[in-house]
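One structure below.
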Amino acid sequence: MAMLLQLLNMAGRVVLITGGLGHLGRMAAETLAELGADIVLLDLPSGPMEEVVADLRERYSVKVEYVSFDLEKDNVADVPAIIEGLFGRLDVLINNAAFVGTSNITGWAVPFSEQSVDAWRRAVEVNLTGVFALTQACAALLARSNKGAIVNISSIYGSQGPDMRLYDGLSMGNPAAYAASKGGVNQLTRWLATVLAPTVRVNAISPGGIFRQQPTEFCARYEERTPLQRMATEEDFKGVIALLASDASAYITGQNIFVDGGWGVW
């Protein structure tokens, strides 16, 4: 029987992370680099790209590359060839890129009557269509791995309705398109898990609220609504990322794991 450390060992494997420069993307990169994986960060041409890449290389002594890419505009079909050119293989795809509730889009985090169709379409394009298109493009390369795994980053709002009382009197919002697109990710995860089996496993993670310097009043309301009485931090997701990307979850597919401090229990 394999030891747990053997099951978690990612040495020699290549992981592609979309939205790799974001909070959760960087956490996933750090987690899997710590386990020995080589990393490809795919993100928009902005942010501290050089610093993130250099930091990961130095701290974990793994290969790390950055691919500048816009999931709304660029040709997703080009991605597998790029990855194969860099590393010759792909073992894990983490679909993390998304427009979130705090994204600065006109007609987005506003009252429902003011939410725009354009914002809806952009969110669905990135949050859902982007997951479909990139997974379709990378499926054959992942299947060649014999250890292929896909981890889709969803949300509690892909399965549950929002408690709008959290936002009373605040400039924050909870867009309908975010919830609908993440609900689509949940069902796409289940669909892909059967279609890509047995060569590729597909699972999702549904984060609860993550502390990002939100207003004090919002945080207090959220914590009162949560059994563990706090918001999440990026570190709270390291374990589930390590589990779903590695052989420690070799018999797990089609699942959506909630990391929400018990939010959905009540």
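The values are calculated or read from the model by the stated rules, or taken from the named source; none is laboratory data. Being a predicted model, the structure only gives us computed values, none of them experimental. Here the Cβ positions follow ideal geometry from the backbone for every residue, glycine too, while neighbour counts run over all protein chains shown. Note: accessible area is taken over every heavy atom of the protein model, side chains too, but ligands, DNA and RNA are not part of it. Shrake-Rupley method; radii C 1.70, N 1.55, O 1.52, S 1.80 Å.
Key figures
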| item | result |
| --- | --- |
| Set of lysines with alpha-carbon distance to residue 73 below 21 Å, sequence-local pairs under 8 removed | 182 |
| Stretch gain in nm, segment residue 70-residue 238, where the contour uses 0.36 nm per residue and the Cα spacing is subtracted | 57.9 nm |
| Label-point separation in nm, residue 199 to residue 114, each point 7 Å along Cα→Cβ | 5.0 |
| Solvent-accessible area per residue, Å², over the chain with all protein chains present [probe radius 1.4 Å] | 48 |
| Residue 46-residue 136 pseudo-label distance in nm [points 7 Å out on the Cα-to-Cβ vector] | 2.8 |
| Within the accessible area of the chain (1.4 Å probe), percent carbon and sulfur | 54 |
| Volume per residue that the Cα convex hull of region 1-95 spans, once the total is divided by residue count, Å³ | 99 |
| Charge dipole of region 163-266 about the Cα centre (unit charges at C-beta), most positive-ward option of 241, 254, 211 | 254 |
| Size of charge dipole - region 21-70 - debye, nearest 20, with Cβ of Lys, Arg +1 and Asp, Glu -1, no other charges | 100 |
| Rg [Å, one decimal], Dmax [Å, integer] - the chain, C-alpha atoms | 18.0, 58 |
| Cα-based reach from residue 63 at 26 Å (exclusive), listing lysines while leaving out same-chain residues under 8 positions away | 147, 238 |
| Electrostatic dipole magnitude of the chain [Cβ: Lys, Arg +1; Asp, Glu -1; Cα centre; debye, to 20] | 680 |
| nm² value of the averaged projected area, convex hull over the Cα atoms of region 102-255 | 9.9 |
| Whether region 59-175 is rounded, prolate or oblate, judged on the alpha carbon gyration tensor where a/c under 1.5 counts as rounded | prolate |
